[in-house]
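Novice: Got a structure here, written out as structure tokens. Questions coming.
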Amino acid sequence: NTVPLAGFSFNILDAHGNKVSMTEAGIDTFTTDDSGWVTLPDRLPSGVYKVHEVAAQPPYLLNGEDVPFSVSDDHQDASALTVVKVTDKQAHGMATIKKSCTEDDCPRCEGDGGLPGAEFDVIAREDVVSPDGTVQAVAGEVVDHVATGEDGTAKTKLLPLGDGSAEYAFVETKAPAGHQLDTTPIEFTLNWENDTTEVVYAGAEAKDAPTETIVDKTIMGTDTPLPGAEF
């Protein structure tokens, strides 16, 4: 679909890779208007050319490949208008969440303090709509489901950025062992950075209160476990 956005800029390269300049002012960069189109101000001589993209708008990425086209030298076959279409991919986002306990000395938070086994739905907080009108997600839609690993973290799949900024939330659906479920949405936003960054990132943290007390009995002055004690 045509992307009706201004600000996509292009150079025209001749057969030798040189930029083509037009008009007396020497313009060599041509930028789309709000319709998503740009028309060159002057005619091109017959020959072989390429369109080279130099700037894109959110959430799109620069097309890394020049688009070739030609202008015929046969006046009977030459079209009055040559249309060249350039296709851009969209950037995406990814979010990471870390689950831990509200208690600093939680015995289940080992290593770097993360809780494994927590599960989350990833929900769109708003309609996510691409500039070309494609609906990528609707508000309230579950776009992913993740579970924390041994380090207490979970990572989403690639998520769409809509028109360049998209709002999502983690909602816990299963608590880690020994901890309370907290279904409060944990919101995050994914923002397009620039036309060369393919994936943008966001981070979130969540803590659950423990539902059990674990007594760790050791020999006094050591870390040696001491079995058989009763309380």
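The values are calculated or read from the model by the stated rules, or taken from the named source; none is laboratory data. Predicted, not measured: the structure shown is a model, and the values here were computed from it. Cβ sites come from the backbone with ideal geometry, for glycine too, and all protein chains shown count toward neighbours. Just so you know, the surface numbers come from the protein's heavy atoms only, side chains and all, with ligands and any DNA or RNA stripped out. Shrake-Rupley method; radii C 1.70, N 1.55, O 1.52, S 1.80 Å.
Novice: Mind checking which strands (runs of 3 or more DSSP E) fall wholly inside segment 14-104 and carry at least 3 residues that are within 30 Å of T213 (Cα to Cα) and either within 33 Å of the chain's Cα centre (by Cα) or among the charged types (D, E, K, R) (or both)? Explain how you work it out, then say what you get.
Specialist: Working: elements: 47-55, 67-71, 92-101.
Qualifying strands (runs of 3 or more DSSP E): 92-101.
Novice: When you check A15 against the structure, is it open to solvent by 70 Å² or more (accessible area, probe 1.4 Å), more than 24 Å from Y60 (Cβ to Cβ) and in contact with a Gly (Cβ under 9 Å, 6 or more places away or on another chain), yes or no?
Specialist: When the stated conditions are applied, A15 passes them.
Novice: Right, next: Could you tell me whether any residue of segment 191-198 is of a type outside the set (D, E), assigned to a loop (DSSP other than H, G, I, E, B) and without any contact (Cβ under 8 Å) to a residue 60 or more places away in the chain?
Specialist: yes
Novice: Sticking with this one: Can you tell me which residue in segment 87-136 is nearest to N194 (Cα to Cα), limited to those that are acidic (D, E) and in contact with a Phe, Trp or Tyr (Cβ under 8 Å, 6 or more places away or on another chain)?
Specialist: D88
Novice: Something else: In this structure, does T184 turn out to be among the β-branched types (V, I, T), open to solvent by 60 Å² or more (accessible area, probe 1.4 Å) and more than 16 Å from the chain's Cα centre (by Cα)?
Specialist: yes
Novice: Which of the residues belonging to segment 199-217 are out of contact with any Ser or Thr (no Cβ under 6 Å at 6 or more places or on another chain) and part of a strand (DSSP E or B)?
Specialist: Going through segment 199-217, the residues out of contact with any Ser or Thr (no Cβ under 6 Å at 6 or more places or on another chain) turn out to be 199-202, 204-206, 208, 210-217.
Of everything in segment 199-217, those that are out of contact with any Ser or Thr (no Cβ under 6 Å at 6 or more places or on another chain) and part of a strand (DSSP E or B) turn out to be V199, V200, Y201, A202, A204, E205, A206, D208, P210.
Novice: I need every pair where a residue in segment 203-231 that is open to solvent by less than 100 Å² (accessible area, probe 1.4 Å) has its Cβ under 7 Å from the Cβ of a residue that is aromatic (F, W, Y) and in a loop (DSSP other than H, G, I, E, B), sequence separation at least 6 or different chains.
Specialist: V215/F231
Novice: Can you tell me how many residues in segment 110-146 are farther than 21 Å from A206 by Cβ, of a type in the set (A, V, I, L, M, F, W, C) and in a strand (DSSP E or B)?
Specialist: 4
Novice: Return a yes/no flag: does segment 163-175 have any residue that is of a type in the set (D, E, K, R) and under 29 Å from H52 (Cα atoms).
Specialist: yes
To keep it simple, each residue is scored yes or no on (1) over 17 Å from I123 (Cβ atoms); (2) among the hydroxyl-bearing types (S, T, Y).
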| position | (1), (2) |
| --- | --- |
| T183 | no, yes |
| E187 | no, no |
| W192 | yes, no |
| D208 | yes, no |
| P227 | yes, no |
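Novice: Any residue that is charged (D, E, K, R) and at pLDDT 95 or above - is there at least one of those in segment 38-47?
Specialist: No, segment 38-47 contains no residue that is charged (D, E, K, R) and at pLDDT 95 or above.
Novice: Out of everything in segment 165-177 that is open to solvent by 10 Å² or more (accessible area, probe 1.4 Å) and in a loop (DSSP other than H, G, I, E, B), what residue ends up being nearest to V129 (Cα to Cα)?
Specialist: Residue satisfying both the conditions and the ranking: A175.
Novice: Also: Kindly evaluate V138 against the criterion of being among the hydrophobic types (A, V, I, L, M, F, W, C), open to solvent by 30 Å² or more (accessible area, probe 1.4 Å) and either under 18 Å from the mean Cα position of the chain (by Cα) or modelled with pLDDT under 95 (or both).
Specialist: yes
Novice: Could you please let me know if D132 is open to solvent by 10 Å² or more (accessible area, probe 1.4 Å), within 22 Å of the chain's Cα centre (by Cα), modelled with pLDDT of 95 or more and not β-branched (V, I, T)? Before you say what the answer is, go through the steps one by one.
Specialist: Details: open to solvent by 10 Å² or more (accessible area, probe 1.4 Å): yes; within 22 Å of the chain's Cα centre (by Cα): yes; modelled with pLDDT of 95 or more: no; not β-branched (V, I, T): yes.
No; evaluated as a whole, the condition is false for this residue.
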